[in-house]
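K.L.:
Have a look at this one before I ask anything.
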Amino acid sequence: MSSSQHPVALTVERRVGGATKLLATIMCLPLVDGIFPALVLAGALGDPVGILEVGLLIFGGSATVAVVLAEMDGSRREVATAILAVGAVLIPVAAVEAALAPTIRDMLNMPVFSRFAGLVILTVAAKTASARVGEYLPRPAIVIALGLVASFDPSGVSLSVTTDPELIGRAVAAAGVGVGFALLVALLGPWLRAVVDIDRFRFGSAVALGVLPLSIFGLVPGDAPIALAVLGVTALFAFDPDGDREYDGVPGDVSDDAAVADGGDPEDADASEADADEDESVPGRVSDYVTTDDERAPWL
């Protein structure tokens, strides 16, 4: 199971397994569930701020961070290669969905559909924040399907297919931001594992994701980067350089020479390392999150 115990990552991992498959599923899920097309139709990519918000929160996000840091083994080059392979699929599919968006938009009552798009993002944010709450919420695809039915406008049905090159470019940019973010996390992985509380980042990014629909609902100015500001604060609070996590995959590294220098016995040092291996059987832990249901924090 995922070292970070991320609710979304755990759910997907039970179905697909494998770190690369897990990452591909997590990053491509917005395309399959319809979250990304819904945001495109709702106008979430209308400016550079929106592109950054969608790229970082929808394609990047805490689930991507959790998978890259806690699940993907190998060198930086191997992890980066896997991420680029995912991006080779993610970016073209995002472009295709954006190309079809104008045709679909003509068939919908957009004010109604935009509200459903906001509800989808709130649903995903709730599932990210709490696995228990997520059990009672519908799948995003179901919410989007209901939105399509409720907002369908027969008067706008047309057999012609229209495309917007500028919209396609913005969709490609948003997907590229997500891939670039995953690459940055992979390149900084050894350091981030030592200084980032992944579950604190997960909860904060869920809040940032929940703020994103405010602009869709028209509650805040469209150009106000509130979601990015919340994400920045989240990253700040998740930064924990004084934590007792390991750096570079070596938890609490104590060499035999150090043990002898302190007056210890090398055999005792070996025994201590064996005990540490038993306590931390999987390298690369990025969280002290408790996994048992009885001891789980109330908001999880």
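K.L.:
Given the conditions (1) hydroxyl-bearing (Ser, Thr, Tyr); (2) at pLDDT below 85; (3) surrounded by fewer than 23 Cβ atoms within 10 Å (Cβ to Cβ), which single one is not true for THR128?
P.N.:
That leaves (3) as the condition not met.
Every residue, every condition in (1) over 15 Å from ASP33 (Cα atoms); (2) touching a Leu at 6+ places or on another chain (Cβ under 8 Å), yes or no:
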| site | (1), (2) |
| --- | --- |
| LEU45 | yes, yes |
| LEU52 | yes, yes |
| VAL68 | yes, yes |
| ARG76 | yes, yes |
| THR103 | yes, no |
| PHE116 | no, yes |
| LEU122 | no, no |
| PRO138 | no, no |
| ILE142 | no, no |
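K.L.:
Helices (runs of 4 or more DSSP H) wholly in region 71-156 with at least 2 residues that are charged (D, E, K, R) - which ones? Full working, then the answer.
P.N.:
Values: elements: 76-105, 110-129, 131-134, 140-151.
Once the helices (runs of 4 or more DSSP H) in region 71-156 are filtered for at least 2 residues that are charged (D, E, K, R), what remains is 76-105, 110-129.
K.L.:
Follow-up. Are any residues in region 184-201 at pLDDT 85 or above and open to solvent by 40 Å² or more (accessible area, probe 1.4 Å), and if so, which ones?
P.N.:
Across region 184-201, the qualifying residues are LEU184, LEU187, LEU188, TRP191.
Residues are listed down the side, and each one gets a yes or a no for (1) under 14 Å from the mean Cα position of the chain (by Cα); (2) at pLDDT 90 or above:
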residue	(1), (2)
GLY43	no, no
VAL65	yes, no
ALA85	no, yes
PRO92	no, yes
ASP106	no, no
MET110	no, no
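K.L.:
Starting from region 37-55, keep only residues that are closer than 23 Å to VAL65 by Cα, then list their pairs with residues that are among the basic types (Lys, Arg) and open to solvent by 20 Å² or more (accessible area, probe 1.4 Å) whose Cβ atoms are within a distance under 7 Å, requiring at least 6 positions of separation or different chains.
P.N.:
LEU45/ARG170; ILE51/ARG170
The values are calculated or read from the model by the stated rules, or taken from the named source; none is laboratory data. From a predicted model like this one, the values you see are computed outputs, not experimental measurements. Virtual Cβ from ideal backbone geometry, glycine too; neighbours counted across all protein chains shown. Surface areas here come from the heavy atoms of the whole protein model, side chains and all, with no ligands, DNA or RNA. Shrake-Rupley method; radii C 1.70, N 1.55, O 1.52, S 1.80 Å.
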